[in-house]
Amino acid sequence: MDKVPDLAIVVAAAGRGSRAGGTIPKQYKNLAGRPLLAHTLGALMRAAPGATILPVIHSDDLDLYQSSAASFEASAGLAQPVFGGTTRQASVRLGLEALAGQLSKPNIVLIHDAARLFISDTLVNQAVAAARTNGAAVPGVRLAETIKEIDADGNVAATLPRTRLRAVQTPQAFRFDLILNAHRSAAAKGILELTDDAAVAEWAGHRVHVFAGEDSNMKVTTSKDLAIAEARLLGDLADIRTGQGYDVHAFGPGAHVWLGGLKIAHDHGLIGHSDADVLTHAITDALLGALADGDIGSHFPPSDPKWRGAASSIFLAAAAAKVRSRGGVIAHIDATLVCERPKMRPHRDAIRASIARIAEIPLDRVAIKATTSEGLGFTGREEGIASLAVATIRLPL
Ligand code: MG
C-alpha cells in the first residue's frame, strides 16, 4: 500500500458467512468460475480505477484470499489485505487504521460488503459524490413490504410508515477523518457491535445522508442467494463458444512422456520444442480457438528459445487466464488421447485432476478420455501420440 489516492475502498470480507452453509466462508465460494470476493473486487476496480482497494479478511482465510486475488494485476489498486477483528465494526476500524497509517491518507473512503458483488459503477460514483457533499452518506432502497414492529409475544406493536423507511446497503461513504474518528471514539467507549458504519457515524453525532440505492445491489447471505447470484452471473455470460484443438508429437528416445502436465514413465519420449505435452497443447489450442485468438504457435512461437523445453502447463494456464481476463469462464474441457501405449487407464484420473488444476476450474468440468486406433495409422504403429480437445467457454455478451 504505497500510494493512497484521494479515494480508498475498504472491503469488509472477514465474516464467517455461517448463514450460507458449507465449510468455507461464502465470500470464497466459487460462483460462475470465480470466488464471490473476486467478483466484488473486480467490480470495484472497474468502477473506481485509481482508488486503493483494501480488503479486510479473517486471519484464517489468507490462503483462500490469495487464490481469490491471484488473477488481479499488481497495478490494479488492490492493497495487501489486513486482518479483521471479532466484529464487523472492529474489522472496518482496523482497515481504516491501516489507511490512517499511510503517509498520504485518502479524503474519501467507501466501506463495502464483500457479499455485494453486483455493485455498479453508477452507485460507486454516487456514493463518492454524496460523501464529498454530505460527509456521511449511505445508499437506501424503498421497501416493498409493510414493516411491523412486534412485541415480546409476537403481536404487532406498531405499523411503521413505509414511505419513510429505507433498507440500507453498501457502499457507505464518508469523509475519511469523520468515519475514522467516529470508529475510534466508539471503540474507546466500548461500543463494539454496531452493524453498519452509518450507525457508527450516527452514534458519533453525525448527520448521515441517504441517497438512492439499487435493488440490483443484492447482498449474498444464504445458500439460496448464492444460487441466485450464480444464475445472474451466468446469464451475463451468454456468449457461449466452442473451440477445438488437435496435436501430434512423434516418439523418440527417452524414458518418459509428459501428458496433461504429468510425467509418465514410458520406453520412449515425445519429440518437441517444448516438453511435447500433446494433450496440453490440444487443450490450449481449443481454448484459444474458442477465444478466436490465434493458436499455441502464435502465442508461444517455437522459434523463440524461451520456450525450449518449457513446461506446457504454462501455455494452458496462460490460455485459461486469457478467458478470465475477458471476463469469461471455462464451462467445459473434453479431450481424447490416441495411442496404443503407454496405457492411459492408470493415469487418467491424475491427468484429469492436473488439467483442472492448471486451468483453475472444477474437476467436474474436465473430461479426459483415451483410445487406441486398433493398430491402424501412425498412432497404431506407435510412431507418436495424437490428441483432440474441445473447450466450451462463456464470455460476456
Ligand atoms: Mg504440440
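Coordinate-derived values only; no laboratory data. All figures in this text were calculated on a predicted structure; none of them were measured in a lab. Quick reminder, even Gly has a Cβ in these numbers, built from the backbone with ideal geometry, and neighbours come from all protein chains shown.
Some points to look at:
- Against the chain, whose longest principal axis comes from its Cα atoms, helix 36-47 is set at around 70 degrees.
- Region 113-194: GluC sites (Glu not before Pro) in DSSP loop, at most 14 other beta carbons within 10 Å: E145, E193
- At q = 0.11, 0.14, 0.16, 0.18 Å⁻¹ the log10 of I(q)/I(0) for region 7-236 amounts to -0.55, -0.90, -1.17, -1.45, computed by Debye summation with a single uniform scatterer per C-alpha, solvent ignored.
- Contact order normalised by residue count of region 58-107, Cα under 8 Å, 6+ apart, percent: 26
- Over region 209-324 - Rg/Rh using Cα atoms and the Kirkwood inverse-distance radius: 1.23
- Cross-link check: pairs K322/K369; K29/K263; K26/K224; K263/K306; K263/K343 evaluated at a Cα-Cα cut-off of 23 Å; pairs beyond the cut-off: K322/K369; K29/K263.
- Once the Kirkwood radius over Cα pairs is known for region 239-395, the Stokes-Einstein relation at 20 °C and 1.002 mPa s delivers a diffusion coefficient of 139 µm²/s.
- Counting only residues at least eight positions apart within a chain, or on another chain, the lysines with an alpha carbon under 27 Å from that of K189 are K105.
- The three principal axes of the C-alpha atoms in region 202-272 carry coordinate ranges of 79, 33, 23 Å, sorted with the longest axis first.
- Annotation: Cα Rg of region 346-397 relative to the compact-globule expectation 2.2 N^0.38 Å equals 1.47.
- Taking max minus min of the alpha-carbon positions on each principal axis, region 87-197 gives extents of 55, 36, 25 Å, largest first.
- Shape box of region 1-106 [Cα atoms, principal axes, largest first, Å]: 40, 29, 20
- By the equivalent-ellipsoid construction on the alpha carbon gyration tensor, region 112-159 comes out with semi-axes of 33, 14, 10 Å, ordered largest to smallest.
- Cα centroid of region 174-221 to Cα centroid of region 233-276, whole Å: 53
- Computed Kirkwood radius, in angstrom, where 1/r is averaged over Cα pairs of region 162-249: 17.2
- Amide H to amide H, with H built 1.01 Å from N, G384 comes under 5 Å of F251, counting only residues 5 or more places away or on other chains.
- Peptides 158-169, 306-317, 227-238, 274-285 ranked from most to least packed give 274-285, 306-317, 227-238, 158-169, packing being the mean of other C-beta atoms within 10 angstrom over each peptide's residues.
- Potential lengthening between R132 and R162 on full extension [0.36 nm per residue; Cα-Cα distance subtracted]: 7.9 nm
- For the chain, Kirkwood radius (reciprocal of mean inverse C-alpha pair distance, Å): 23.8
- Each helix, a run of at least 4 DSSP H residues, gives -39500 (n - 2.57); summed and divided by the residues of the chain, these come to -9500 deg cm²/dmol at 222 nm.
- In the chain, the longest principal axis of the Cα atoms and the axis of helix 313-325 are about 40 degrees apart.
- Efficiency of FRET from Cβ geometry, M218 and F378, R₀ 56 Å, rounded to 0.05: 0.50
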